[in-house]
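Presented below is the structure to which this report refers.
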Amino acid sequence: MVSNKKIVGKTLGELNISRTYGVLLLNIKRMRINLHRSTDLKINKGDILEVTGPADHIDLMGQDLGIIDRDIAETDMVTFAFGIAAGVVLGLFSVKIGGVSVGLGSAGGLLTSGLLIGFLRSVRPTFGRLPEAARWIFMEFGLIIFMAGVGLRAGGDIIETFISAGPKLIIAGILVTVTPVLLGYLFGRKVLKIPAVLLFGAITGSMTSGASLSVVTKAADSSVPALGYTGAYAFANVLLTIAGSIILLF
């Protein structure tokens, strides 16, 4: 992981890694995105250079470029344990505004803690390690559990609900769900000129739907949608809390 300020800004051609250190450059990642290995590619701080070769050569390269992050399938359990605890505690705090209690809640607190850990990991990628396979299991299995939970909660009375409400309920549900998404997308693209990949992340955040974010990031094959998701999610959680209290007043 590149951290040496003297290396930042140099091109791969200038470094000439194969000749200088006797190792083979396999891949370059920036913000978890694979980059094309061209000789004019400039190295940024935090870039991950995946190489193979003799251990002593890799150690020498690490001394010059930055930090060596060996391919070890270990999870930083200490970081995640304290991060979860801090998020839960943060979610307990609330502020009363006009008689309405407003706070992040457990979901917002955990999100804030996760954002902080994610930021620290972007500065030092060896911090908060979670193997790719484990992350994939959490994302995919978590999405399946979420969908199964929604189905189990809603499926018990679905027949009786359809019989009593009829097609009107289905049409109303489609309109209520689809209309804000379409309006938000059109406004974001046409008026605010937000790139589609960020906009989709922001829309899923406004829906407070982590499952939708997983679908979007998988389709985009990038973690960029999460940048749009985080701010919209936190803001939407506050609005949901206020909106629920206001609706109850009427």
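In the set 204, 126, 161, only one residue is at pLDDT below 85 and in contact with a helix residue (DSSP H, G or I) (Cβ under 9 Å, 6 or more places away or on another chain); that residue is 161.
Take the residues in the range 22-75 that are over 29 Å from the mean Cα position of the chain (by Cα) and among the acidic types (Asp, Glu), then tell me which one is farthest from residue 222 (Cα to Cα). Residue satisfying both the conditions and the ranking: 56. Do any residues in the range 73-85 that are in contact (Cβ under 8 Å) with a residue 40 or more places away in the chain have Cβ atoms under 9 Å from those of residues that are outside any helix (DSSP H, G or I) and of a type in the set (A, V, I, L, M, F, W, C), where the two are at least six apart or on different chains, and which pairs are they? Matching pairs, first to second residue: 75/130; 76/127; 76/130; 79/127; 80/130.
The values are calculated or read from the model by the stated rules, or taken from the named source; none is laboratory data. All of these numbers come straight from a predicted model, not from anything done at the bench. All Cβ positions, even for glycine, are placed from backbone atoms using ideal geometry, and neighbour counts span all protein chains on display.
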